[in-house]
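The structure appears right after this line, and notes come after that.
The values are calculated or read from the model by the stated rules, or taken from the named source; none is laboratory data. Here the structure is a predicted model, which means the values were calculated and not measured. A quick note on method: Cβ atoms are made from the backbone with ideal geometry, for glycine too, and the neighbour counts reach across all protein chains shown.
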Amino acid sequence: MKEGGEMIEFSKSYDEFSGRYQEAAKYGENLLPLSIAESNAVCPKFVQDIIIETLNKKPLEYARPSNNLYEIISQKNKYKNVKLGKQNIAFDLSALSLLVHAIKVFTDREDGIIVFTPVYFRFFELIKMNNRILYECQLKETENKGYVIDFDELEKIMSKSEVKLLLICNPHNPVGQIWDFPTLKKISLLAESYGLQIVSDEIHSDLAFLSSKFTSFMKLSDTAIIIDSPTKSFNTQALKIGYAISKDATRITLIENEVNKSGTGNPSLLAMQAMKSVYGSEGELWLKDYKKIIRFNIEYLENTIKKMMPDFSMYYPEASFLVWVDTKSQEKLIKFLKNLEMDNGVLVSNGCKFLDPKGTHFRINCGVDSMLFMKSCGIMVKAYNQVD
Ligand SMILES: Cc1ncc(COP(=O)(O)O)c(C=O)c1O
């Protein structure tokens, strides 16, 4: 049995080109990087095998998605009962590049785009960098229902004539909330009545802890663009690939035109080979194992917070490996992060980066091996105790 689970192996070293390592090195020596949404899980063995076989036996030539790959996506559980063909799926090198294409297709310069905040920072960075206007609809934190959408506020923003697009993150990064069916239905009806385009980034959905809770926006809308990729769930970010799906083939053609205009071309042969293999039965087993490890780490963090850092609290996510921790005080957060970033410390993300309305949160990545994670929790307790 491999460390942490049956199928998952973790790396103890960093590559010279590792983004996580380079990010942590900016802050200090030997920091454990738990800020970027990536794991130290090694590429699944069955993916390695297919890559090695390809490298050994085939030329690394230009590649195109095969009919088989389109079919594999359309057969995924989350799209069951939706009839999808080749004309409904567009590929590119990443989820975010597809997001930018969608922004360009469905909005003009100075148009407004709504996001629910706090949110993955690349969303609003890309909106602003592409000269669109960011409209924040702040999520409301409740006692027992987690984070909810403020529909009065949402409708107020939607009614502005310059607002053209709503960008959803489901499951939501950083809070880990899965938007349930009634919530999505309400969003869908509102968007339809104000003529807004929906783009739903569902890249964390294969990591839903209760897969039955997740509903793809695809099921609710004939026009929404869904963005997805296997790279987050299987920690294969280096194999750049992403895809956009919609029931509306015309919209997908418009996205494909943007992909063509950008000149990037199709994802690589290796990325498509990897995607084909992770979307099979071995991938399902791998995910099951990975979720077990993630949940162990999240529970460990929850216990550590309860017992050793009682001034803090956290929201137990419904999906994925990102946990949103509330320090309850802006001053405490700054002091805590400063202590945590000392040499041999841990790097987490300040919630401000995600437009945290309270300014008291940080986001921590629980998707790494449990030994490393437990060590990090010990370092966090030390940093907490040093906050005066
Ligand atoms: C919600 C969300 N979308 C997109 C991405 C990035 O995906 P890609 O690397 O395929 O652009 C991330 C990465 O953390 C993410 O959390």
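Would you be able to say whether some residue in the stretch 89-107 is touching a Lys or Arg at 6+ places or on another chain (Cβ under 6 Å), among the hydroxyl-bearing types (Ser, Thr, Tyr) and away from the ligand (no atom under 16 Å from the Cβ)?
Yes: the stretch 89-107 contains one or more residues that are touching a Lys or Arg at 6+ places or on another chain (Cβ under 6 Å), among the hydroxyl-bearing types (Ser, Thr, Tyr) and away from the ligand (no atom under 16 Å from the Cβ).
Taking the options 274, 244, name whichever one is at pLDDT 95 or above, hydrophobic (A, V, I, L, M, F, W, C) and in contact with a strand residue (DSSP E or B) (Cβ under 7 Å, 6 or more places away or on another chain). Full working, then the answer.
Details: 274 fails: in contact with a strand residue (DSSP E or B) (Cβ under 7 Å, 6 or more places away or on another chain).
Of the residues listed, the single one that is at pLDDT 95 or above, hydrophobic (A, V, I, L, M, F, W, C) and in contact with a strand residue (DSSP E or B) (Cβ under 7 Å, 6 or more places away or on another chain) is 244.
Every residue in the stretch 293-338 that is outside any helix (DSSP H, G or I), more than 22 Å from the chain's Cα centre (by Cα) and of a type in the set (Phe, Trp, Tyr), please.
Once the filter is applied, which keeps residues that are outside any helix (DSSP H, G or I), more than 22 Å from the chain's Cα centre (by Cα) and of a type in the set (Phe, Trp, Tyr), the stretch 293-338 yields only 312.
Just to be sure, is residue 190 more than 16 Å from the ligand (Cβ to nearest atom), in contact with an Asp or Glu (Cβ under 7 Å, 6 or more places away or on another chain) and at pLDDT 95 or above? Before the answer, list the steps.
Working: more than 16 Å from the ligand (Cβ to nearest atom): yes; in contact with an Asp or Glu (Cβ under 7 Å, 6 or more places away or on another chain): yes; at pLDDT 95 or above: yes.
Taking the combined requirement at face value, the residue satisfies it.
Condition first: assigned by TED's automatic domain parsing to the domain that holds residue 112, crowded, with 16+ Cβ neighbours inside 10 Å and aromatic (Phe, Trp, Tyr). Can you find one or more residues in the stretch 180-192 that meet it?
no
Examine the stretch 200-219 for a residue that is aliphatic (A, V, I, L, M) and over 30 Å from residue 40 (Cα atoms), and state whether such a residue exists. Full working, then the answer.
Within the stretch 200-219, the first condition is being aliphatic (A, V, I, L, M), and the residues that meet it are 203, 207-208, 210, 218.
Now drop any that are not over 30 Å from residue 40 (Cα atoms), which leaves 218.
There is at least one residue in the stretch 200-219 that is aliphatic (A, V, I, L, M) and over 30 Å from residue 40 (Cα atoms).
Answer with yes or no whether residue 341 is surrounded by fewer than 21 Cβ atoms within 10 Å (Cβ to Cβ) and within 25 Å of the chain's Cα centre (by Cα). It would help to see each step written out before you state the result.
Numbers: surrounded by fewer than 21 Cβ atoms within 10 Å (Cβ to Cβ): yes; within 25 Å of the chain's Cα centre (by Cα): yes.
In short, yes.
For the structure I just gave you, tell me whether residue 366 is surrounded by 15 or more Cβ atoms within 10 Å (Cβ to Cβ), under 19 Å from residue 27 (Cα atoms) and modelled with pLDDT of 95 or more.
Numbers: surrounded by 15 or more Cβ atoms within 10 Å (Cβ to Cβ): yes; under 19 Å from residue 27 (Cα atoms): no; modelled with pLDDT of 95 or more: yes.
In short, no.
For residues that are outside any helix (DSSP H, G or I) and in contact (Cβ under 8 Å) with a residue 24 or more places away in the chain, tally how many sit in the stretch 58-76. Reasoning before the result, please.
So the first thing to find is which residues in the stretch 58-76 are outside any helix (DSSP H, G or I), and the list is 58-66, 75-76.
Next, from what is left, pick out any that are in contact (Cβ under 8 Å) with a residue 24 or more places away in the chain: 58, 60-66, 76.
So the answer is 9.
Please determine, by comparing only the residues of the stretch 238-254 that are buried (at least 17 other Cβ atoms within 10 Å of the Cβ) and in a loop (DSSP other than H, G, I, E, B), which one is farthest from the ligand (Cβ to nearest atom). Don't jump to the end; show me each part of the working.
Quick first cut of the stretch 238-254, residues buried (at least 17 other Cβ atoms within 10 Å of the Cβ) only: 239-247, 251-252, 254.
When the remaining residues are screened for being in a loop (DSSP other than H, G, I, E, B), the result is 239-241, 246-247.
Values: 239: 10, 240: 7, 241: 8, 246: 17, 247: 21 Å.
Restricting to residues being buried (at least 17 other Cβ atoms within 10 Å of the Cβ) and in a loop (DSSP other than H, G, I, E, B), the top hit is 247.
Of all residues in the stretch 140-157, how many are crowded, with 17+ Cβ neighbours inside 10 Å and part of a loop (DSSP other than H, G, I, E, B)?
Matching residues across the stretch 140-157 total 2.
May I ask you to list the residues in the stretch 23-64 that are within 16 Å of the ligand (Cβ to nearest atom) and either more than 16 Å from residue 348 (Cβ to Cβ) or exposed (fewer than 15 other Cβ atoms within 10 Å of the Cβ) (or both)?
Once the filter is applied, which keeps residues that are within 16 Å of the ligand (Cβ to nearest atom) and either more than 16 Å from residue 348 (Cβ to Cβ) or exposed (fewer than 15 other Cβ atoms within 10 Å of the Cβ) (or both), the stretch 23-64 yields 41, 43.
Looking at (1) surrounded by fewer than 18 Cβ atoms within 10 Å (Cβ to Cβ); (2) more than 30 Å from residue 68 (Cβ to Cβ), which is the one condition that is false for residue 285?
Looking at each condition in turn, residue 285 falls short on (2).
Residue check: is residue 69 crowded, with 19+ Cβ neighbours inside 10 Å, away from the ligand (no atom under 16 Å from the Cβ) and not assigned by TED's automatic domain parsing to the domain that holds residue 241? Don't jump to the end; show me each part of the working.
On the way: crowded, with 19+ Cβ neighbours inside 10 Å: yes; away from the ligand (no atom under 16 Å from the Cβ): yes; not assigned by TED's automatic domain parsing to the domain that holds residue 241: no.
In short, no.
For the stretch 30-47, does any single residue satisfy the condition of being more than 19 Å from the chain's Cα centre (by Cα), part of a loop (DSSP other than H, G, I, E, B) and under 29 Å from residue 343 (Cα atoms)?
Yes: one or more hits.
Among the residues of the stretch 371-388, count how many are outside any helix (DSSP H, G or I) and crowded, with 21+ Cβ neighbours inside 10 Å.
If we filter the stretch 371-388 for residues that are outside any helix (DSSP H, G or I), which is where we start, we get 386-388.
With crowded, with 21+ Cβ neighbours inside 10 Å added as a condition, the list becomes none.
Counting residues in the stretch 371-388 that are outside any helix (DSSP H, G or I) and crowded, with 21+ Cβ neighbours inside 10 Å gives 0.
Give the residues of the stretch 255-287 that are within 16 Å of the ligand (Cβ to nearest atom) and closer than 17 Å to residue 103 by Cβ, sorted by residue number.
Residues satisfying the conditions are 255, 258, 259, 262, 264.
Somewhere in the stretch 74-81, is a residue more than 15 Å from the ligand (Cβ to nearest atom), in contact with a Phe, Trp or Tyr (Cβ under 9 Å, 6 or more places away or on another chain), of a type in the set (D, E, K, R) and in the same structural domain as residue 245 (by TED's automatic domain parsing)?
Going through the stretch 74-81, the residues more than 15 Å from the ligand (Cβ to nearest atom) turn out to be 74-81.
Still in the list and also in contact with a Phe, Trp or Tyr (Cβ under 9 Å, 6 or more places away or on another chain): 75-76, 78.
Remaining after also requiring of a type in the set (D, E, K, R): 76, 78.
Now narrow it down to the ones that are in the same structural domain as residue 245 (by TED's automatic domain parsing): 76, 78.
Yes: the stretch 74-81 contains one or more residues that are more than 15 Å from the ligand (Cβ to nearest atom), in contact with a Phe, Trp or Tyr (Cβ under 9 Å, 6 or more places away or on another chain), of a type in the set (D, E, K, R) and in the same structural domain as residue 245 (by TED's automatic domain parsing).
Could you tell me how many of the residues in the stretch 202-237 are outside any loop (DSSP other than H, G, I, E, B), near the ligand (Cβ under 10 Å from one of its atoms) and of a type in the set (Asp, Glu)?
1
In the stretch 112-131, how many are more than 16 Å from the ligand (Cβ to nearest atom) and under 15 Å from residue 199 (Cα atoms)? Let's see the steps before the verdict.
Within the stretch 112-131, the subset more than 16 Å from the ligand (Cβ to nearest atom) is 112, 128, 131.
If we keep only those that are under 15 Å from residue 199 (Cα atoms) too, we end up with 112.
Going through the stretch 112-131 one residue at a time, the tally reaches 1.
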